[in-house]
1. Out of A141, A166, A49, any idea which swings most in a Gaussian network model of the chain, alpha carbons joined below 10 Å?
2. Straight-line reach from K183: which lysines have Cα under 30 Å away, leaving out those fewer than 8 places along the same chain?
3. Given points 7 Å out from each Cα along the Cα-Cβ axis, report the K39 to A169 separation in nanometres with one decimal.
4. Could you compute how fast the chain diffuses translationally, taking Rh as the Kirkwood radius over C-alpha pairs and applying Stokes-Einstein at 25 °C with viscosity 0.890 mPa s? Give it in µm² per second.
5. As a test of the formula, what do you get for the chain when each DSSP H run with n ≥ 4 contributes -39,500 (n - 2.57) and the sum is divided by the residue count, at 222 nm and rounded to the nearest 500 deg cm²/dmol?
6. Find, among the trypsin sites (Lys or Arg not before Pro) in segment 111-208, those assigned to loop by DSSP (not H, G, I, E, B) with at most 14 other beta-carbon atoms within 10 angstrom.
7. Give a quick list of trypsin sites (Lys or Arg not before Pro) in segment 1-94 that DSSP marks as loop, anything other than H, G, I, E or B, with at most 15 other Cβ atoms within 10 Å.
8. For the chain, what relative contact order do you get, as a whole percent, if you take Cα pairs closer than 8 Å and at least 6 residues apart?
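A short reminder: the numbers here are calculations on the coordinates, not readings from a lab. Owing to the predicted nature of the structure, the values given are computational and were not obtained by experimental measurement. Cβ placement follows ideal geometry from the backbone for every residue including glycine, while neighbour counts extend to all protein chains displayed.
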Amino acid sequence: MSARLAYIVSIIFHPLLLPSGVVALLLYVSPHLVTVNNKEIRLFLLQIAFSFTFLLPLIFMLTMKVLKVIDSLHLPDRRQRRLPFVAISLMYLMTAYLYHYLSNRLQIDERFLLTFLGICISLVVLTIITFFYKISAHVLAISGVFGGMLAMALRYKEITLAIPLAVTAVCVGLVISARLSLKAHSCQEVLWACCVGFPLNFAIIFFA
């Protein structure tokens, strides 16, 4: 894979963008799996995800870059990943609490909350690992999406997820290839990311 294409793939499948993609998938691609009948509420839930799991962390990261707390938004240095990952984990947990708070009032399906909980736990585990070892956040995130989606399809016999599953499987390969092509991670770091992301999210959704 060329460096230009690998960079584009890394941006499209950035870990901060994937939660919004997962929420959109649940609410719009497979709406009867997560029942939210009101269109305005569906849009509101998506806006929460985009604002608190992408925009707010992005602003935080840009501020840290301007203040020279970090050298690069790509965070190649494991030690510089610690503070951003901890802060973003807190933002995600606050978002999960917000969803939980709204769940009874807006009649949000528990499967929606379970999926977002898997995302939060993945990020917390990634943050803990980062204090000791560097693994690929990109690969952990996309493999986690695949694991969670597969668990959802198997547990709830959800046939509408067949095509998204196939597409996501291809995306996992693309992201792995991109991160290795950019030399952002070693093969071992990518492998460990898969070994954490996929089984963790599969287990949370399938067995919870």
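1. Of A141, A166, A49, the most mobile in the Gaussian network model is A166.
2. The qualifying lysines are K65, K68, K134.
3. 3.5
4. Translational D for this selection: 141 µm²/s.
5. That comes out to -24500 deg cm²/dmol.
6. K157, K183
7. For trypsin sites (Lys or Arg not before Pro) across segment 1-94 that sit outside H, G, I, E and B with at most 15 neighbouring Cβ atoms in 10 Å, the list reads K68.
8. Dividing the mean separation by the residue count of the chain yields 29 percent.
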